[in-house]
Amino acid sequence: MNTNEFFMKKAIACSCDNIKNDGGPFGAVIVKDGVIIAEGSNRVTANNDPTAHAEVVAIRNAAKYLNNFNLSGCEIYTSCEPCPMCLSAIYWARIDKIYYANTKIDAKNIGFDDSFIYDEIALPIPERKIPIIQMMRNEAIQAFNLWEDKADKTEY
Ligand SMILES: [Zn+2]
């Protein structure tokens, strides 16, 4: 077994163990310099947290462990192809590489339909399921102006 397989086996073990622990069938690990620094499993229903997907939980744990919001130099192994939320979180975290096992179609087949969100993103805003209404830009822009003028900000 090569090291990639070792790490993916761990992510898959997280996904299987999680089912016995009131969670969904998803697991992930984050690796840095050849070592697992964080694990995550789906805790959406267990914690009543719709954002507690395995990858997001693993990212939160890795960032806490490294005491850094920037996870560049890390790789994520996830038992299933990331949904759009997790994919976005992975990009925001600056993770270098993604390995996945099950596909989003496999997930759809057991009732976890992330593929419809991928479809939604591709649609023009007026055609999406959830209405998106822009308002009060002139007031909201103040925060952006304050940010622009702030000398000691932490950019990311
Ligand atoms: Zn997700």
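Can you list the residues, at least 5 places off or on another chain, whose amide H is less than 5 Å from the amide H of Cys80, using H built in the peptide plane?
The list, which skips near neighbours in sequence, is Gly27, Ala101, Asn102.
In segment 21-38, whose amide N lies under 15 Å from the spot 7 Å out along Cα-to-Cβ of Phe6? List them in ranges.
Zone members listed by number: 30-38.
If you take the beta carbon distance between Ala140 and Ser88 as r and set R0 to 25 Å, what does 1/(1 + (r/R0)^6) give as a FRET efficiency, to the nearest 0.05?
Working: r = 21 Å, r/R0 = 0.85.
Rounded to the nearest 0.05, the efficiency is 0.75.
Hey, with R₀ at 25 Å, roughly what FRET efficiency would Leu66 and Ile19 work out to, going by the Cβ-Cβ distance, to 0.05?
Numbers: r = 29 Å, r/R0 = 1.15.
My answer for the efficiency is 0.30.
In whole angstrom, how long is each semi-axis of the equivalent ellipsoid of segment 32-110, when you take the square root of 5 times every eigenvalue of its Cα gyration tensor and sort them from largest down?
Values: eigenvalues 83, 44, 23 Å².
Equivalent ellipsoid of segment 32-110: 20, 15, 11 Å, largest first.
Taking 1 over the mean of 1/r across every pair of different Cα atoms in the chain, what Kirkwood radius in Å do you get? Don't jump to the answer; show the numbers that get you there.
Values: mean 1/r = 0.0581 Å⁻¹.
The Cα-based Kirkwood calculation yields 17.2 Å.
If I take every Cα pair under 8 Å that is 6 or more residues apart in the chain, average their sequence separation and divide by the length, what percent do I get for the relative contact order? Let's see the in-between values first.
Numbers: 248 pairs, mean separation 24.3, N = 156.
It comes to 16 percent, rounded to a whole number.
For segment 1-80 and segment 82-103, write down the distance between their C-alpha centroids in whole Å.
Computed from Cα coordinates, the inter-centre distance equals 11 Å.
Apply the Karplus parameterisation 6.51 cos²θ - 1.76 cosθ + 1.60, with θ equal to phi minus 60°, to every residue of segment 108-125 and state each ³J(HN,Hα) to the nearest whole Hz, in sequence, with x for glycine and proline.
Couplings: 4, 5, 10, x, 9, 8, 7, 5, 5, 6, 4, 5, 4, 4, 6, 7, x, 3 Hz.
Which whole-number value in Å³ per residue fits the convex hull of the alpha carbons of segment 117-156?
Details: hull volume 4.4 nm³, N = 40.
Looking at segment 117-156, the number lands at 111 Å³ per residue.
Each label point is 7 Å from the Cα along the Cα-to-Cβ direction; what then is the distance between the points at Asp106 and Val35, in nm?
3.0
Measure up Lys97/Lys153; Lys9/Lys108; Lys32/Lys150; Lys104/Lys150 against 31 Å on the Cα-Cα distance and list the ones that go over.
Values: Lys97/Lys153 28 Å; Lys9/Lys108 22 Å; Lys32/Lys150 33 Å; Lys104/Lys150 42 Å.
Violating the 31 Å Cα-Cα cut-off are Lys32/Lys150; Lys104/Lys150.
Give the Cα extents of segment 32-76 along the principal axes, in whole Å, largest first.
33, 18, 13
FYI, it's all coordinate maths here, none of it is from the lab. Here the structure is a predicted model, which is why all the values come from computation and not from measurement. FYI the Cβ positions are ideal-geometry reconstructions off the backbone, even for glycines, and counts take in every protein chain you see.
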